[in-house]
Every structure is written in structure tokens, then in C-alpha cells.
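> Encoded as C-alpha cells, here's the structure I'll be asking about.
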């Protein structure tokens, strides 16, 4: 679970493409050379209203955790895009209204399980 600050948030309009690009750049320089981070930034995205510091922290945690999950060579994919969700859409989370949203997704391409085979001792 992510740590959430109690109390006041400093909400502002954020360019999510820019935030992702800066976060990926920071993680890429500090990370392992055998991990490739691919970013796909959306076109004509509206700004999102969020707390800049919270969003930076969330992106840092997501990218750091994905990076730690990669053993050996691997790829982390992060993308930002527009999505329209109708009221009948299965993607509509409980409590959300149908409408236009900006979606941030992350994926990894790694070997998650490596079997260990032992011979008789």
C-alpha cells in the first residue's frame, strides 16, 4: 500500500506526459544497464488535477518496484493515453462516472519464476 499523506493536498494541473518522462529519465540513469524502460506518451492529453509531490512519489515507487522485480535483462513499459469509458464498460471502476480519463499503465517483460532443480545429494 502506498503511503498517503493525511490532510491537505496541493492540487494543481499536471502534464502527465512530462511527469512520466522526467521520472523515467531519473530511474533510467540510476538503474541497471540491462533493464530497458520504454515509455509511450499520449497525444493531446488534457492536464490532470493532482498533487504533484504525490504523483512523483507514486511514479517513483511504481518504477522502482518494477525495476527490482527484473532479474537479469528485462523491459519495463510505461504508457499514458486518453481513454473514454462508458457507463456500460467493464473498465469503469466502482464509484467512477463514465467519461474521459487519462490512463497510466505499467508493464514488465521479465522471467518471473526461475525453477531450481537440485540433484540428489
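A short reminder: the numbers here are calculations on the coordinates, not readings from a lab. Treat the numbers as computed from the prediction; the structure is a model and nothing was measured. When we count neighbours, we look across all protein chains shown, and the Cβ atoms used for this are built from the backbone with ideal geometry, even at glycine.
> Would you mind ranking 83, 48 by Cβ crowding within 10 Å, fewest neighbours first?
On the way: 83 13, 48 17.
Exposure proxy ranking, most exposed first: 83, 48.
> Which FRET efficiency, nearest 0.05, do residue 106 and residue 84 yield, Cβ-Cβ r, R0 25 Å? Display every interim value, and only then the final one.
Values: r = 21 Å, r/R0 = 0.84.
Approximately 0.75, to the nearest 0.05.
> Between residue 94 and residue 34, what is the spin-label point distance in nm, taking each point 7 Å from the Cα along the Cα→C-beta axis?
For the pair residue 94/residue 34, the computed spacing is 4.3 nm.
> What base-10 log of the normalised intensity I(q)/I(0) is obtained for the stretch 11-109 from the Debye formula, alpha carbons as equal point scatterers, at q = 0.20, 0.21, 0.22 Å⁻¹?
Ignoring solvent entirely, the Cα scatterers give -1.03, -1.09, -1.15.
> Please report 23, 64 as a ranked list, fewest other C-beta atoms within 10 angstrom at the top and most at the bottom.
On the way: 23 22, 64 14.
Sorted ascending by nearby Cβ count, the order is 64, 23.
> Moving to a separate point now. Most exposed first by the Cβ proxy, i.e. fewest other Cβ within 10 Å, how do 9, 101 rank?
Working: 9 12, 101 18.
Neighbour counts put them in this order, fewest first: 9, 101.
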